[in-house]
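Accompanying notes for the structure given below.
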Amino acid sequence: MTFTQNFITLNNGNKIPDVAIVGTGTRWYKQEETAENFNNELVTQIENALTLPGIVHIDAAEVYRTYPEVGKALSQSKKPRDEIFITDKYSTQLKVTENPIAGLDISLKRLNLDYVDLYLLHSPFVSKEKNGFTLEEAWKQMETLYKSGKAKNIGVSNFSVKDLEKVLAVCEIKPQINQIEFNAFLQNQTPGIVKFCESQNIVMEAYSPLSPLQKRSDNSENDPFYKFVDKLVAKYDKTEAQILLRWVTKRGIVAVTTSSKFSRVQEAQNLFTFDLTNEEVNEITKLGLQHKAQRLYWNEEYDKFNEMSQKV
Ligand SMILES: NC(=O)C1=CN([C@@H]2O[C@H](COP(=O)(O)OP(=O)(O)OC[C@H]3O[C@@H](n4cnc5c(N)ncnc54)[C@H](OP(=O)(O)O)[C@@H]3O)[C@@H](O)[C@H]2O)C=CC1
């Protein structure tokens, strides 16, 4: 079987692989980085992912404390650098390094890289009092990194319309990406964000794309959403996860997933061996919207939007 991979073109003309197959947050995330909690399982998972065909997209962040594992796996891989797409994020919420410019310099050294493919501000929760710089100043630093070539693309994460408007008002380089929580049970992390990003040509990345599988009610077998997904599983001979990831990509959004099982990492990289019809995509959207919002991250900040998150 020939391998195919899909890409989305960003607003600067660069391309991004449609799925990130190893997110190094969530199940791999650590509170602190010590020799004792070095995770060999994660190294193996990334090493295995790097043997897969095509460009392998890895999602990292300074706050995940996984640079030692990512760095080790990269150093042992024979995959050429231009077949690896590395995303990294500057931690705005919890101070790890002084500012984005200092942060990326440190992570490049630690990962033994000359550049990352995508650098994101991890959240919009930045203030002069807490961080020593404003959101607008943080974005200016991101632009400096872009111009220096240390970040081939730059973007943001968990940004609302209001946050993006602040950046758009001062930017010379528009964010290429907004990485948000997105899945059938949470179709707008914050009010109107999906349509706004589409109108601004800012590509979205969906973390927690498999939320409907991660957290499932006891009587889900009678639920029309899962019944429809199972019908597609039988029709295409794919897993539930592949159906839901493919739906995200059919919505024009990059899926950011992860797994402790290599078979699932492989399934995610082999996502483009089938297609969903427009009717099927619309039906998943519609049945998903009938669910109440299921938000797994940034609850304190965004639970207030739960009702609006399932209105598009
Ligand atoms: N910018 C941000 O603020 C955030 C970014 N992220 C990024 O996104 C990445 C992915 O997020 P995450 O929420 O983990 O992504 P997913 O929604 O893809 O969930 C992955 C989890 O789903 C499980 N899973 C996979 N297939 C199935 C299945 N068929 N049934 C049940 N469970 C299944 C996996 O378990 P198993 O290991 O058993 O396969 C794994 O623990 C993170 O690692 C991080 O890099 C995440 C959160 C916030």
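The values are calculated or read from the model by the stated rules, or taken from the named source; none is laboratory data. The structure displayed is predicted, hence computed values, not measured ones. Virtual Cβ from ideal backbone geometry, glycine too; neighbours counted across all protein chains shown.
The figures follow:
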quantity	calculated
Filter result (of a type outside the set (A, V, I, L, M, F, W, C) and within 14 Å of Gly23 (Cα to Cα)) within region 72-88	Thr87, Asp88
Leu104 vs. criteria within 19 Å of the chain's Cα centre (by Cα) and either surrounded by fewer than 17 Cβ atoms within 10 Å (Cβ to Cβ) or away from the ligand (no atom under 16 Å from the Cβ) (or both)	yes
Test: residue in region 147-161 that is free of Cβ contacts under 8 Å to residues at least 40 places away in the same chain, of a type in the set (Ser, Thr, Tyr), within 15 Å of the ligand (Cβ to nearest atom) and under 30 Å from Asn282 (Cβ atoms)	yes
In region 126-150, the residues that are buried (at least 17 other Cβ atoms within 10 Å of the Cβ) and part of a loop (DSSP other than H, G, I, E, B)	Val126, Phe133, Lys150
Residue check, Thr258 buried (at least 22 other Cβ atoms within 10 Å of the Cβ), more than 25 Å from Met142 (Cα to Cα) and within 15 Å of the chain's Cα centre (by Cα)	yes
Residue in region 278-301 that is nearest to Val233 (Cα to Cα), counting only those that are of a type outside the set (A, V, I, L, M, F, W, C) and within 16 Å of the ligand (Cβ to nearest atom)	Gly288
Qualifying residue in region 262-274 (condition: small (Gly, Ala, Ser) and surrounded by fewer than 20 Cβ atoms within 10 Å (Cβ to Cβ))	yes
Hey, Lys250 surrounded by fewer than 16 Cβ atoms within 10 Å (Cβ to Cβ) and modelled with pLDDT of 95 or more or not	no
Of the criteria (1) assigned to a helix (DSSP H, G or I); (2) basic (Lys, Arg); (3) away from the ligand (no atom under 15 Å from the Cβ); (4) more than 22 Å from Asp163 (Cβ to Cβ), which one Lys304 fails	(4)
Matching residues in region 69-101 - criterion: being touching a Phe, Trp or Tyr at 6+ places or on another chain (Cβ under 8 Å) and either crowded, with 19+ Cβ neighbours inside 10 Å or among the acidic types (Asp, Glu) (or both)	Glu69, Thr87, Asp88, Lys89, Tyr90, Thr92, Pro100
Residue in region 13-34 that is nearest to the ligand (Cβ to nearest atom), counting only those that are polar (S, T, N, Q) and surrounded by 13 or more Cβ atoms within 10 Å (Cβ to Cβ)	Thr26
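A quick yes/no check of all residues on (1) free of Cβ contacts under 8 Å to residues at least 60 places away in the same chain; (2) in contact with a Lys or Arg (Cβ under 7 Å, 6 or more places away or on another chain):
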position	(1), (2)
Asp237	yes, no
Val248	no, no
Ile253	no, no
Thr258	no, yes
Phe262	no, no
Lys304	yes, no
Glu307	yes, no
